[in-house]
Amino acid sequence: MELVVDTSVLLAVALDEPEKASLVELTQGAALFAPEILPYEIGNALSALCKRGRLSPDEARKAWRICAGIPVQLIPVDIQRSLELAATHRIYAYDAFFLQCALRQGSPLLTLDRQMARIARSEGIALLR
């Protein structure tokens with residue numbers, strides 16, 4: 001099975017969030033895909049957690065190593081189509097890149113972001129729960 005995963009999924013695993021066990025089970029044996037921006041999104045999220053005092057720099061580096069060790073194939077997305085999705089749904093392009101990735105791959109999306117899930121359903125993208 002092929003799945004598109006977003007930043008929320010990888011961070012939940014790396015930060016040992018309560019959803020970790022079910023996420024690992026859901027992705028077991030699956031080929032994981034994400035847009036090319038994934039590493040930058042993870043880095044930005046980790047730096048924001050440090051800025052807010054929720055993670056120490058050492059914890060952020062450890063989380064990055066865990067995320068980097070998860071085999072995710074990074075793929076290019078259609079930025080024009082992503083911008084259209086962003087405008088239609090009034091979301092950031094960064095979120096639209098994940099939606100566009102799922103559309104391009106024809107694969108279900110795995111996300112912990114409720115708004116992303118709602119928009120994915122409206123776009124006909126299957127969700128893995």
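Every number here is computed from the coordinates shown, using simple stated rules; none is lab data. Please read all numbers here as calculations on a predicted model, not as lab measurements. Positions of Cβ are generated from backbone atoms using ideal geometry, with glycine treated the same way; all protein chains shown enter the neighbour counts.
For Glu59 and Glu84, the FRET efficiency from 1/(1 + (r/R0)^6), where r spans their Cβ atoms and R0 equals 25 Å, is about 0.10.
As a proxy for reagent exposure, ranking Cys101, Cys50 by other Cβ atoms within 10 Å from fewest up yields Cys50, Cys101.
Extending 7 Å from the Cα toward the beta-carbon at both Ile66 and Tyr92 defines two label points whose distance is 2.1 nm.
Each of Thr7, Thr88, Thr27 was scored by other Cβ atoms within 10 Å of its Cβ. Listed from fewest to most, they are Thr88, Thr27, Thr7.
What does the convex hull of the alpha-carbon atoms of the stretch 50-124 project to on average, in nm²?
On the way: hull surface 24.7 nm².
Over every viewing direction, the Cα hull of the stretch 50-124 projects on average to 6.2 nm².
Rounded, prolate or oblate for the stretch 1-80? Axes are the square roots of the Cα gyration tensor eigenvalues, ordered a ≥ b ≥ c, and the cut-off for rounded is a/c under 1.5. The shape class here is oblate.
Calculated FRET efficiency, Tyr40 and Glu17, Cβ-Cβ r, R0 25 Å, to nearest 0.05? The value I calculate is 0.75. A straight line joining the Cα centroids of the stretch 82-105 and the stretch 1-53 runs 18 Å.
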